[in-house]
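Novice: Below is a structure I'd like to ask you about.
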Amino acid sequence: MGESSVNNGVNVQALLDARKALTEAPEAAKFNWRASCKWQHGTHSKSTTQGFHGLGEEQQHKTEFSFDADHPEAFASEDLGATPIEYVLVGLASCLTAGVASVAQNREIQLRSVEAKLEGSMDIQGILGIDSDVRNGYDDIKVTFDIDADASQQDIEALVAQSQKRSAVYDVVTNPTNVTVAVNKHLDGATPRTRRGRLWGPYAAPARRARARLRLDCGDESSNR
């Protein structure tokens, strides 16, 4: 078999080799991702990521990445960064888009352009404490892909479906996730207090409201590989 002329910039062979190796050593597949956040002023905070654990040892990004978050001026804030709820959309879009590129490379489909547009609807009566029956988070997230590729519409839809099937962030958004929040007290002999809950958690007790309804305009979740 000759070398493929398709180049989406993804080293699929390395991913396939890693999958084979991790099948034989599943403990190395357990990753621990980390982020640190420091309050700046008002509702402005700065978060950073650099170190993480995986493949059985500590790992480092090539550089420390930083993310400013704030509320917009409409919320009487300084608008010095994207809102935290917008970062949820950013994470979902990035994860699904990376999946599309990886699956396309594996299926030898040349991509020319991929663009995802996301919209998340929410009622802020929840976070303002106006109505306790209104959840704090998104009620609905809509993802729309515009993909130009050397493939049929059916094949393009299958790329998105497979990306959706394997996306870590899609899984986090659409399934309950255990979240533990601990508070360290700077007093002698004090013990951290911990509160456990689900993602979107104490805000929407019924399970049907604890999950965001997420629609993708391209394809369903069925796929061959």
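The values are calculated or read from the model by the stated rules, or taken from the named source; none is laboratory data. What you see is a predicted model; the values in this text were computed from it and never measured. Ideal geometry is used to build each Cβ from the backbone, glycine not excepted, and the neighbour counts take in all protein chains shown.
Novice: If a residue has to be surrounded by 14 or more Cβ atoms within 10 Å (Cβ to Cβ), of a type in the set (Val, Ile, Thr) and more than 26 Å from CYS95 (Cα to Cα) to count, how many in region 123-147 make the cut? Can you show your working first?
Specialist: Here is the first cut: in region 123-147, the ones surrounded by 14 or more Cβ atoms within 10 Å (Cβ to Cβ) are 123, 125-127, 134-139, 141-143, 145, 147.
Narrowing further to those that are of a type in the set (Val, Ile, Thr): 127, 134, 141, 143, 147.
Checking which are more than 26 Å from CYS95 (Cα to Cα) leaves us with 127, 134.
Going through region 123-147 one residue at a time, the tally reaches 2.
Novice: Among the numbered criteria (1) part of a strand (DSSP E or B); (2) under 21 Å from the mean Cα position of the chain (by Cα); (3) touching a residue at least 40 places away in the same chain (Cβ under 8 Å), which single criterion is violated by GLN40?
Specialist: (2)
Novice: Follow-up. Which numbered condition trips up LEU80, out of (1) closer than 30 Å to VAL160 by Cβ; (2) surrounded by 11 or more Cβ atoms within 10 Å (Cβ to Cβ); (3) in contact (Cβ under 8 Å) with a residue 40 or more places away in the chain?
Specialist: Every condition holds for LEU80 apart from (1).
Novice: Let me ask something else. Tally time: how many residues in region 112-148 are in contact with a helix residue (DSSP H, G or I) (Cβ under 6 Å, 6 or more places away or on another chain) and aliphatic (A, V, I, L, M)? Full working, then the answer.
Specialist: First, pick out the residues of region 112-148 that are in contact with a helix residue (DSSP H, G or I) (Cβ under 6 Å, 6 or more places away or on another chain): 114, 116, 118, 120, 135-136, 145, 147.
Subsequent filtering for residues that are aliphatic (A, V, I, L, M) retains 114, 116, 118, 147.
The number of residues fulfilling the criteria is 4.
Novice: Something else: Given the conditions (1) surrounded by 18 or more Cβ atoms within 10 Å (Cβ to Cβ); (2) in contact with a helix residue (DSSP H, G or I) (Cβ under 6 Å, 6 or more places away or on another chain), and given that ILE109 satisfies all but one, which numbered condition is not satisfied?
Specialist: Condition (2) is where ILE109 drops out.
Novice: Would region 97-118 turn up any residue that is in a loop (DSSP other than H, G, I, E, B), closer than 28 Å to LYS38 by Cα and of a type in the set (S, T, N, Q)? Before you say what the answer is, go through the steps one by one.
Specialist: First, the residues of region 97-118 that are in a loop (DSSP other than H, G, I, E, B): 107-110.
Keeping just the survivors that are closer than 28 Å to LYS38 by Cα gives none.
No, region 97-118 contains no residue that is in a loop (DSSP other than H, G, I, E, B), closer than 28 Å to LYS38 by Cα and of a type in the set (S, T, N, Q).
Novice: If I filter region 13-36 down to residues being surrounded by 12 or more Cβ atoms within 10 Å (Cβ to Cβ) and within 20 Å of the chain's Cα centre (by Cα), which single residue comes out as modelled with the highest pLDDT?
Specialist: The residue in question is SER36.
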